[in-house]
Amino acid sequence: MSANHTPLHTVHVPLGARAYDIVIAPDAIESAGDRLAALFPGARYGIVTDENVAKAQLPRLAASLDAAGLGHTEIVLPAGEATKSWPQLQSVVDQILGARLERNDILIALGGGVIGDLAGFAASIARRGMDFVQIPTSLLAQVDSSVGGKTGINSVHGKNLVGAFHQPRLVLADLTALETLSPRHFAAGYAELAKYGLIDDEELFFWLEANYPQIEAGGPARGEAIARACAAKARVVVADEKEAGNRALLNLGHTFGHALEKATGYSDRLLHGEGVAIGMVLAYRFSAKLGLAPSQDAGRVEAHLKNAGLPTTLADIPGDLPPTQMLMDAIAQDKKVSRGQLTFILTRGIGKAFIEKKIDPEAVATFLEDIR
Ligand code: GLY
């Protein structure tokens with residue numbers, strides 16, 4: 001069955017005055033004009049995108065807005081993580097003001113996580129806060145970064161250290177856009193999708209295991225997987241919007257993952273989702289080593305992620321293995337360190353993740369030495 005026969009899914013994020021819908025459909029971009037016209041009568045639009053997405057998806061979005069008679073201006077940025085920076089933030093805000101977009105107008109983020117985070121942050125500060133709409137075009141952005149309102153840029157001190165919570169007014173996840181993703185980038189996004197099963201939904205993880213070939217192929221199972229992931233994320237975000245507690249569960253695999261990304265220079269050697277895949281396997285293995293989780297569950301997680309084309313061990317990272325001390329330095333600089341103790345997301349088994357705030361750094365260092 002082709003993606004065109006995939007049914008539309010709508011996931012509602014019930015955040016009171018900040019509630020919004022996530023629409024998942026093959027033609028979500030084509031439907032944008034009519035949906036936006038109904039939601040924001042009289043508004044004009046600023047579309048923020050990058051040079052790559054502009055080629056593939058901007059004509060679809062511009063045609064849809066034109067057909068609905070919606071005025072828009074385009075802000076096209078260089079592609080890549082370096083765009084999540086102060087200079088590009090300034091440039092976007094200046095272009096918003098230069099185009100005379102008003103406070104009641106709408107910024108649209110059309111692209112992957114970099115564009116969504118940057119445009120969302122620009123929307124949160126331009127004219128003291130404008131509304132924005134996410135149109136995520138990568139799997140990673142569709143199942144993670146476009147949902148939940150975390151926006152921001154990187155600093156010389158680290159990734160995502162400057163930003164704001166600013167919820168979008170609508171998320172349009174377009175399945176057709178995923179057809180041009182490379183298998184490697186699809187797999188990297190899939191790691192974040194599988195994460196929701198591993199956090200608190202074993203049934204989702206088992207369904208992903210059973211349906212992976214159809215999800216990879218596209219069509220209805222892919223739309224359903226994305227909708228289930230968005231619903232899982234929405235549940236966590238609604239319970240703890242500003243990460244005072246359980247939203248930190250969404251960081252499963254991220255402490256090890258961020259350390260690996262940092263040790264590999266945030267380069268093409270390791271994509272974010274790949275770091276998360278290895279990090280999740282390490283979180284399961286570390287939990288098993290501490291006697292908290294069955295080691296069969298760690299093996300099952302590793303087997304599924306490997307089957308999805310993801311790296312799952314340090315040895316899968318091309319090039320020299322980062323020294324344990326380098327990883328420990330990165331982990332110690334993590335924002336989740338308190339009074340010398342580390343916070344980790346650990347697990348009691350598939351779908352049973354929990355937050356542990358008192359992890360001895362020595363135990364982590366020994367574990368990382370043992371698995372080399
Ligand atoms: N990506 C983690 C979060 O949204 O909290």
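Before moving on, here are some points about what is shown:
- Candidates 241, 192, 224 - the one that is more than 12 Å from the ligand (Cβ to nearest atom), on the phi < 0 side of the Ramachandran plot and acidic (Asp, Glu): 224
- Residue list for the stretch 122-144, filter: within 16 Å of the ligand (Cβ to nearest atom) and surrounded by fewer than 24 Cβ atoms within 10 Å (Cβ to Cβ): 124
- Test: residue 235 is within 16 Å of the ligand (Cβ to nearest atom) and open to solvent by 10 Å² or more (accessible area, probe 1.4 Å): yes
- Applying the set (1) within 16 Å of the ligand (Cβ to nearest atom); (2) modelled with pLDDT of 95 or more; (3) not small (Gly, Ala, Ser) to residue 74 leaves exactly one unmet item: (1).
- Of everything in the stretch 145-163 that is assigned to a strand (DSSP E or B) and within 13 Å of the ligand (Cβ to nearest atom), the residue that is farthest from residue 120 (Cα to Cα) is 159.
- Out of 46, 71, sole residue that is in contact (Cβ under 8 Å) with a residue 12 or more places away in the chain and out of contact with any helix residue (DSSP H, G or I) (no Cβ under 6 Å at 6 or more places or on another chain): 71
- Of everything listed in (1) within 17 Å of residue 273 (Cβ to Cβ); (2) more than 15 Å from the ligand (Cβ to nearest atom); (3) touching a residue at least 40 places away in the same chain (Cβ under 8 Å), the single unmet condition for residue 250 is (2).
Yes/no matrix, rows are residues, columns are (1) open to solvent by 30 Å² or more (accessible area, probe 1.4 Å); (2) more than 26 Å from residue 108 (Cα to Cα); (3) touching a residue at least 40 places away in the same chain (Cβ under 8 Å):
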{"site": "181", "(1), (2), (3)": "yes, no, yes"}
{"site": "186", "(1), (2), (3)": "no, no, yes"}
{"site": "192", "(1), (2), (3)": "no, no, yes"}
{"site": "196", "(1), (2), (3)": "no, yes, yes"}
{"site": "204", "(1), (2), (3)": "no, yes, yes"}
{"site": "220", "(1), (2), (3)": "yes, yes, yes"}
{"site": "227", "(1), (2), (3)": "no, no, yes"}
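- The stretch 28-82, subset of a type in the set (S, T, N, Q) and part of a strand (DSSP E or B), residue farthest from residue 171 (Cα to Cα): 73
- Flag for residue 301 being within 16 Å of residue 327 (Cβ to Cβ) and in a helix (DSSP H, G or I): no
- The set of residues in the stretch 86-120 being open to solvent by 60 Å² or more (accessible area, probe 1.4 Å) and over 15 Å from residue 130 (Cα atoms) consists of 86, 87, 90.
- Selection status of residue 192, at pLDDT 95 or above, assigned to a loop (DSSP other than H, G, I, E, B), under 17 Å from the mean Cα position of the chain (by Cα) and not β-branched (Val, Ile, Thr): no
- Any chance residue 262 is open to solvent by 10 Å² or more (accessible area, probe 1.4 Å) and under 28 Å from residue 225 (Cβ atoms): no
- Residue within the stretch 6-16 that is modelled with pLDDT of 95 or more and part of a helix (DSSP H, G or I) present: yes
- Only listed residue being touching a residue at least 24 places away in the same chain (Cβ under 8 Å), under 26 Å from residue 148 (Cβ atoms), more than 15 Å from the ligand (Cβ to nearest atom) and of a type in the set (Gly, Ala, Ser), chosen from 259, 263: 259
The values are calculated or read from the model by the stated rules, or taken from the named source; none is laboratory data. Just so it is clear, the model here is predicted, and its values are computed rather than measured. For neighbour counting, all protein chains shown are included, and Cβ atoms are generated from backbone atoms with ideal geometry for every residue, glycine included. With ligands, DNA and RNA removed, areas are computed over all heavy atoms of the protein, side chains included. Shrake-Rupley method; radii C 1.70, N 1.55, O 1.52, S 1.80 Å.
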